[in-house]
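Here the structure comes first, spelled out in structure tokens, and everything after it is commentary.
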Amino acid sequence: MTPQESIYRWFKILEEKGEYSHFTVIEKTESGEVLESEVFHGEMDGVGGFLSIMKERGESDLLIPELPVRNRPSSLFFAYSFFRYLMRLPFYSPGWKIQNQWNKKSEKPQAYAFTSLSVAETEKIWMNAKKLGVSRNAYLLHHLNLSLNPYIKESLLPRYWLIPVNLRTDFNHHLENITGFVDARITTGQSAQALDKNLKKSLSRGDFFGGHVGIGLGQFLGPHLLKLLVTMNDFIQVRTGVFTNLGNWKTKPGHTMKSHWFGLPPVIAAQPFGAMTGSMNGEQSLAVVFHPRLTLSKAVAEECLARWVKALLQY
């Protein structure tokens, strides 16, 4: 089993357990029509899914965003990063106030919302982050975390957020899942500056390589032990949610996109909330989704998204 086959099998096992292992690419056309495409996460990550669907739609005037070069380290460093990752286990996030009867069947989440901000609103958000001296990711996640306060029980436990990290150096030929991840640990009352410092520390020391080993363990364990590992994760890695930023995209000078684009990351029972963001030609897109075990109400998702946007703009 190759690492890619292990990732594919990981998400297939989740589907067998009743999870929905697809992410959703949402296209809002100039006429206001909303088109949704589902992409199996075992075959492709968010960036790959967006690029493939955009190409199908004829969005060829896109300038591919640049990513930081992440040179492949030695096998020893991979092992060391994975060991550090294991030392952080187990962890548990606070429980949720909202609950919905979920029959553990693989069904697409219904509680989701998305919006696109204007260039002026986006610039204000980016300026707010700059004033605080934090990265855009830290600013976005800090306020996203606060927007969930009405839905999460008060607890001394920190909230844990999974943040995918793209390991590509070439978008044009590598659209498959070659990602790692880091976890953001957010304690009650933690400042945006503290979150930013912790995120930068995780990235600088290469924690995402440990995450990359984690999701590809099937290459060492085989299919049966991999299935056991996926099941164990429900009990040793309980996160608040996943936060992913697809980056800042542009079109070629003088061109515009035919549609606005949004995405919903996969959510699972042990990680029941998701948010995806990105910008296109200076317009920030934001989207949130709740797992069916929490709610099926789009009104809840719309309320959460509105709270997030308001917090981002207020500074």
(request) Can you tell me the dipole magnitude for the chain around its Cα centre, using point charges on the Cβ only (Lys, Arg +1; Asp, Glu -1), in Debye to the nearest 20? (result) 1080
(message) Just to be sure I understand: of the beta bridges DSSP finds with both ends in the chain, what percent are antiparallel, rounded to 5?
(response) 80
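Summarise the accessible area of segment 232-315 (1.4 Å probe, protein heavy atoms) by the percent that is carbon and sulfur. Provide the component values of the computation, followed by the final result.
Values: 1780 of 3110 Å².
That fraction is 57 percent.
Accessible area per residue of segment 274-315 at 1.4 Å probe, in Å²? Please list the in-between numbers first.
On the way: 1450 Å² over 42 residues.
That works out to 35 Å² per residue.
When the accessible area of segment 1-159 is computed with all protein chains present and a 1.4 Å probe, what percentage of it is carbon and sulfur? Mind showing how you got there, number by number?
Values: 4510 of 8470 Å².
Of all accessible area on segment 1-159, carbon and sulfur atoms account for 53 percent.
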(message) If you count only protein heavy atoms with a 1.4 Å probe, what accessible area per residue comes out for segment 1-112, rounded to a whole Å²?
(response) 55
(message) Can you show me the helix-derived [θ] at 222 nm for the chain, built from DSSP H runs with n ≥ 4 at -39,500 (n - 2.57) apiece and divided by the number of residues, rounded to the nearest 500.
(response) -12500 deg cm²/dmol
(message) For the chain, set up a GNM with springs between Cα atoms under 10 Å and report which of GLU302, GLU30, GLU123 has the largest fluctuation.
(response) GLU30
(request) Under 15 Å from the Cβ of GLU30, count the other residues' Cβ atoms, weight Lys and Arg +1, Asp and Glu -1, and hand me the total. (result) -2
(message) Give the lysines whose C-alpha is closer than 28 Å to that of LYS28, dropping any in the same chain fewer than 8 places away, or say none.
(response) LYS55, LYS108, LYS124, LYS250, LYS252, LYS258, LYS298, LYS310
(message) Quick check: the distance between the Cα centres of segment 83-97 and segment 191-207, to the nearest angstrom?
(response) 17
(message) Test of understanding: in a Gaussian network model of the chain with alpha carbons linked when under 10 Å, which of TRP161, TRP96, TRP261 would top the mean-square fluctuation ranking?
(response) TRP96
(request) Treating only the Cβ atoms of Lys and Arg (+1) and Asp and Glu (-1) as charged, compute the dipole magnitude of segment 35-164 about its Cα centre; round to the nearest 20 debye. (result) 700
(request) Pull up all non-local amide H partners of TRP96: gap of 5 or more, or a different chain, and H-to-H distance under 5 Å with H placed in the peptide plane. (result) LYS153
(message) If you take every residue apart from VAL134 with its C-beta less than 10 Å away from the C-beta of VAL134, what net charge results, scoring Lys and Arg +1 and Asp and Glu -1?
(response) +4
(request) Could you give the spread of the C-alpha atoms of segment 188-315 along their three principal axes, from largest to smallest, in whole angstroms? (result) 51, 36, 35
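Using unit Cβ charges (K, R positive; D, E negative) and no other charged atoms, how large, in debye to the nearest 20, is the dipole of segment 174-282 about its Cα centre?
Details: 10 positive and 5 negative charges, 68 e Å.
Roughly 320 debye, rounded to the nearest 20.
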(request) Consider the candidate values [x] 5, 18, 19, 16, 14, 13, 9, 5, 1, 0; [y] 5, 24, 32, 25, 10, 3, 0, 0; [z] 6, 27, 37, 25, 5, 0; state which one is P(r) over Cα pairs in 10 Å bins from 0, in percent computed from the structure displayed. (result) [z]
(message) Using a Gaussian network model on the chain with a 10 Å cutoff between Cα atoms, which of LEU226, LEU264, LEU76 fluctuates the most?
(response) LEU76
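The values are calculated or read from the model by the stated rules, or taken from the named source; none is laboratory data. Since the model is a prediction, treat every value here as computed from it, not as a measurement. Methodologically, a virtual Cβ is constructed for each residue, glycine included, from the backbone with ideal geometry; neighbour enumeration extends over all protein chains shown. Side chains are part of the model used for accessible areas, which takes the heavy atoms of the whole protein and leaves out ligands, DNA and RNA. Shrake-Rupley method; radii C 1.70, N 1.55, O 1.52, S 1.80 Å.
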